[in-house]
Every structure is written in structure tokens, then in C-alpha cells.
Amino acid sequence: MMPRRIAVLFGATASVLMFHRLLLLPPVGMPREASWRGEPAYSSQLLLSGLGESPTQALDWLPALAILAPGVACCTIFGALVAWFVALLPGRTLFRAMLAGLLTLVVSDRIFVGFFMSPSGESAALLGIFALGVALLNYWSGRSPMWLSLPVVVLVAGFAIPAKPQMVSWLPAIAFAVFWLPRGTPSRSICRRWSALVLPAAALAIIAAFTGTILSERINPGSNFLFYASHPASLIGLGERGISVLLSPEPGSGAGHVPGFGAPLVEGIGGLSLVFALYTAMKAAPVVLLGFHLLTLLLGFAVAARTGSAVGRLAVVLVLGCWAQFWVVMMSEGGRGIQHELIVAGFTSALCLPLLLASVSILASKSVRHGGRTYRRAGNHAVSPTSRPFGAGPAS
């Protein structure tokens, strides 16, 4: 297991890099449903704003610092999540550093990072999706008992889904994730066998009830779904338009800047955008995006089946969540404001790139035999598929 101080170092580095990018870009993402200091429809983004605004209001700091404070809170949370993510990963330090570095580049990309200093629900949605991935990785790792790791998934999902109404589309992906138990799930104990079914079902019921109660803004793609189901040509055209918009992201697209802060807080260049370069290359042939997601999905399934690695499961869940949200946005929004609403789907899609590369690395590692038992390498780290039962907690 990686020493905690190394994981903390990775997290601190990621937090500092993200904060540096925040300073070079203007805040974006004015919510359309409320003014900057008004009372918006409920969103878990209010929790992030409260973390940053409380000390600035108490100390009567400058408005610029009041804008910066939510970004500091997001950077701190992101750094803690990266440290936790690195500690959960299998493999050597180089493998973990590569994956953590790529994820940091994606999250701190200039297309997305400006939202972390804004009152828009995107900030909570982007941070919530990343946190959900880390919580699921912890759930699948089996390092904590199910009764401890599953409530963490519930809490994170309860934060991520209310960020925006369209985030409710993640419920099927979360349901698939919590029931997709790793190999080695205990079958001898009747109590444990039932807990592997009852606890995830109870968790989903709690998430669905909670999000259904607090989401004041509803989405209703049902009527549009019936229309497009009977008009396949229109459905294909809708998908093509959505993919074209997803591959044309802009910082704060469709949202506008925070009043009075239309420029970066410090002078500098926002830097190169890895995601923008990737999406620009795909625009020449949008079908490449479908191939990219399909490859990520297949490799994720292969990694999960051959090595039992949670990295493969996470890749699969991100692809499913991305496309569920994509179609919910397209069905509910149609042609109105889809560039703004597809930012979250574009973010989830970009997260698939590091996981795709990690899946390739894991599958490229050869199986080895030791002591008459088969071990498979996951990121250059030998992992036994018959290790301690899932949900049983750490070995004593």
C-alpha cells in the first residue's frame, strides 16, 4: 500500500495546479435561474458557495476575494479527492502518478476550471462526478466493509445529482455500479449474500427519494422520447447535432461571466487545453467520439473481467453516465441552451481518456504465477483475484 504522505503529496500538487489555473481564467457560469446574490432553485452548489462565502462575509473581505473563496474550497476538496484516489489505485507509484496527473489536467482544463469559481450548478456537478468516481473506487476495492463504503457513495451521489436537474440521469449508472460486485463476493454466508443485495437496493432507494424530493426543477423528456422513438431520422439528427455541440465546448458557454469580473483575477495566459485540442481533432470526424467511448467501454469490461480491477468498472460507469446525461439533455432541452447543458457530459467524456489509457496499461501487463496461484498484474502491481471477500473489510 502506498504511504499516505505520497498520496497527500499528489493531492496537494493537484490542488495547487488547479488553483493556479483558476487564477488565470475569469469566473464563468452565471446560473440562469437566479441572480448572483438571489435565491436560486435548490442546487448542491449552494454548499460549495457557502464553504467559500461564509468566512469572507464574516470578515467583510473584498468582493474579489469573495469570488475567489468558492474556488479555493473546490481546489481543496479536489486535492483531497486526488489523494484518496491515488491511495486506492493499484500499481507502482509511476502508474498512479500518470493517472492522477492526467485526471488533474482534465479537471483543471480551461474549458471546465472556470466553473469552480462560479455560482453555476456546473461546479457542483463536475466536482460531484469526480467524487462519485473516487467513492465507487473505494466501494469496489473492498478495503472497507460494505456498510461503511456504501453510505459514502450515497452521500456523494446525494451531492452530485441535485447539482443540476439533468444529473438525475446518473441514477441508472449508479444503480449498475453498486450492484456490479467484484469477484470474490461472499457466497457462503447467507447474511453477507443478502447484504450484497439488500444494502445496494436500500442505498438506491435513499438516493432516489432524496433527489426526487429536493429537485425543485423537473425535466420531462418523456413526450420528446415518444416522438423521437417514432421518428428515427429525427433522432439521428438530434444525436449528430448534440455530438457536434459537445465537441465545440467553450468556457462558460451559454452562461456569461460573473458580473464585474469579466477578466482573470491575475494577468496571464490560460494555458493550452488538452480537452479542447482532443475535441477539435474529433470534430473532423465526429464518429471518432463514438469509437472512443465504445473502446473505453469494451476495455473497461475486459479489465474488470480479466483482472478484477476497479479501474475498468469506473471506465464503464463513466461512459454509461455520460451517454445517459447526453440524451436526457438532448431530449429535454432540444435546441435551447444545449451548449451550456452539455458541459457536464463533455467533462465526463474527457475523464474517460485517462481511464482508457489506464485500461490499456493494465491489460498490457502479463499474468504471472506464484506459489501455484494465479495473479494478474494491474498497473504493474500483482493482485490476487482470490483476495479477501468483497465487503469484508481489511484483512486483520
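With surrounded by fewer than 14 Cβ atoms within 10 Å (Cβ to Cβ), touching a Phe, Trp or Tyr at 6+ places or on another chain (Cβ under 7 Å), at negative phi and modelled with pLDDT under 85 as the only criterion, which of Ser216, Ser230 stands out?
Working: Ser230 fails: touching a Phe, Trp or Tyr at 6+ places or on another chain (Cβ under 7 Å).
Answer to the check: Ser216.
Checking Met146 against (1) at pLDDT 90 or above; (2) of a type in the set (A, V, I, L, M); (3) under 23 Å from Leu89 (Cα atoms): exactly one of these is not met. Which one?
Answer for Met146: the failing condition is (1).
Being at pLDDT below 80 and under 22 Å from the mean Cα position of the chain (by Cα) is the requirement here; does Gly300 meet it?
No.
Counting only residues that are outside any loop (DSSP other than H, G, I, E, B) and either polar (S, T, N, Q) or in contact with a Cys (Cβ under 6 Å, 6 or more places away or on another chain) (or both), how many does region 304-318 have?
The number of residues fulfilling the criteria is 2.
Quick check on my filter: what residues within region 109-159 are outside any helix (DSSP H, G or I) and of a type in the set (D, E, K, R)?
Once the filter is applied, which keeps residues that are outside any helix (DSSP H, G or I) and of a type in the set (D, E, K, R), region 109-159 yields Asp109, Arg110, Arg143.
Could you list, ordered by first residue, the pairs with Cβ atoms under 6 Å in which the first is in region 280-305 and closer than 14 Å to Ile362 by Cβ and the second is open to solvent by 50 Å² or more (accessible area, probe 1.4 Å), at least 6 apart or interchain?
Short answer, once both residue conditions are applied: none.
Looking only at region 145-165, decide whether some residue is among the hydroxyl-bearing types (Ser, Thr, Tyr) and open to solvent by 10 Å² or more (accessible area, probe 1.4 Å).
no
Could you list all residues from region 156-167 that are more than 18 Å from Leu314 (Cα to Cα) and in contact with a helix residue (DSSP H, G or I) (Cβ under 6 Å, 6 or more places away or on another chain)?
Gly158, Phe159, Pro162, Ala163, Lys164, Gln166
The values are calculated or read from the model by the stated rules, or taken from the named source; none is laboratory data. Keep in mind that this is a model prediction, so the values were computed, not measured. Every residue, glycine as well, gets a Cβ built from its backbone with ideal geometry; the counts of neighbours run over all protein chains shown. These area figures cover heavy atoms from the full protein model, side chains too; ligands, DNA and RNA do not enter into them. Shrake-Rupley method; radii C 1.70, N 1.55, O 1.52, S 1.80 Å.
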